Amino acid sequence: MSEIVQFLKERRSVIVKNLLPVPVPQSDIDDIIACGLRVPDHGVLGPWHITIIDGKAGAHLGKTILRPEFARIHADATDTMLAFEENRLCRTSLVLAVMSKAAPHAKIPAWEMHLSAGAVCQNIVTAALSLGYGAQWVTEWYSYNDAMLEALGGNTDTDQMAGFIYIGQPAEPPKPRRRPEYDDVVSTYTV
Ligand SMILES: Cc1cc2nc3c(=O)[nH]c(=O)nc-3n(C[C@H](O)[C@H](O)[C@H](O)COP(=O)(O)O)c2cc1C
């Protein structure tokens, strides 16, 4: 079995709670993003955008978007809850936010552009894991928040967050996760 297939069969995300913030060298960030950009993309539209969020940017988004938006949506939120929300993007020192920019196109359906954005996210996760980092692709509530989308340069008419990928150092090896049974999700079309 090739090393890549072996890796893909065994790879496992590390949940954000188990990620420690560690400095990620620029060369690793560049490599991870280069892998993210190398995905199937019908018509070479590049219908996505990646925003690099470091600790300082995460703190700013926490103060200007996460905390006030959470407070607006949850009028009964306690100070502890608001402090947690404000800190969300600072749980690791590197977060890559992937936006799907599926503008109307004469031939290519928006669905295909969203799928391509998903591929960007998965390639980023895979690249980060292969470099020895822990990573997790999450959407949480703020992927569906218009203020966050606009803060990251998105247009609420056409764009959607595909997810936020947290990258850090695993605090512990991830526990095994139940996977779908092959026979439950795979069949052979027979005639
Ligand atoms: C689009 C998308 C959004 C997700 N959002 C969340 C989330 O908000 N919170 C969460 O705990 N896991 C979320 N997950 C699940 C994790 O990214 C991941 O699938 C899970 O931890 C197992 O990953 P693994 O198969 O790489 O081990 C999401 C997955 C996808 C594909």
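Read-outs: derived from the displayed coordinates by stated rules, not from any lab. The structure presented is a predicted model; accordingly, all values stated were derived computationally and were not measured. All Cβ positions, even for glycine, are placed from backbone atoms using ideal geometry, and neighbour counts span all protein chains on display.
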Would you mind calculating the relative contact order of the chain from Cα pairs under 8 angstrom and at least 6 residues apart, reporting the percent as a whole number? 32 percent
The exposure ranking of Phe164, Phe7, Phe70, Phe84, fewest beta-carbon neighbours within 10 Å first, is Phe7, Phe84, Phe70, Phe164
A correct Karplus calculation of ³J(HN,Hα) over segment 46-58, with 6.51 cos²θ - 1.76 cosθ + 1.60, θ = phi - 60°, whole Hz and x for Gly and Pro, returns x, x, 8, 9, 10, 10, 7, 10, 8, x, 5, 5, x
The long-range amide H neighbours of Ala162, using H built 1.01 Å from N in the peptide plane and a cut-off of under 5 Å, are Val98, Met99, Ser100
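Give, as a single signed number, the net charge of other residues whose beta carbon lies under 14 Å from the beta carbon of His49, with Lys and Arg counted +1 and Asp and Glu -1.
Values: positive: Lys101; negative: Asp41, Glu150, Asp159.
Every neighbour counted, the sum reads -2.
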Take the Cα gyration tensor of the chain, multiply each eigenvalue by 5, square-root it, and list the three semi-axes largest first, rounded to whole angstrom. 28, 23, 17
Taking a ≥ b ≥ c as the square roots of the eigenvalues of the Cα gyration tensor, with a/c under 1.5 meaning rounded and otherwise prolate when a/b exceeds b/c and oblate if not, segment 16-73 is oblate
For Ile108, put the label point 7 Å out on the Cα→Cβ axis and report which residues of segment 20-53 keep their amide N under 17 Å from it. 36-50
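Given R₀ = 35 Å, FRET efficiency for Val191-Val5 by Cβ-Cβ distance, to 0.05?
Numbers: r = 30 Å, r/R0 = 0.85.
In this case the efficiency is close to 0.75.
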Note on segment 1-112: alpha-carbon gyration tensor, axes a ≥ b ≥ c; rule is a/c under 1.5 for rounded, else prolate if a/b larger than b/c, else oblate; result oblate
About the Cα centre, and with charges only on the beta carbon of Lys, Arg (+1) and Asp, Glu (-1), how big is the dipole of segment 16-173? Nearest 20 debye, please. 100 debye
Potential lengthening between Leu20 and Ala83 on full extension [0.36 nm per residue; Cα-Cα distance subtracted]: 20.8 nm
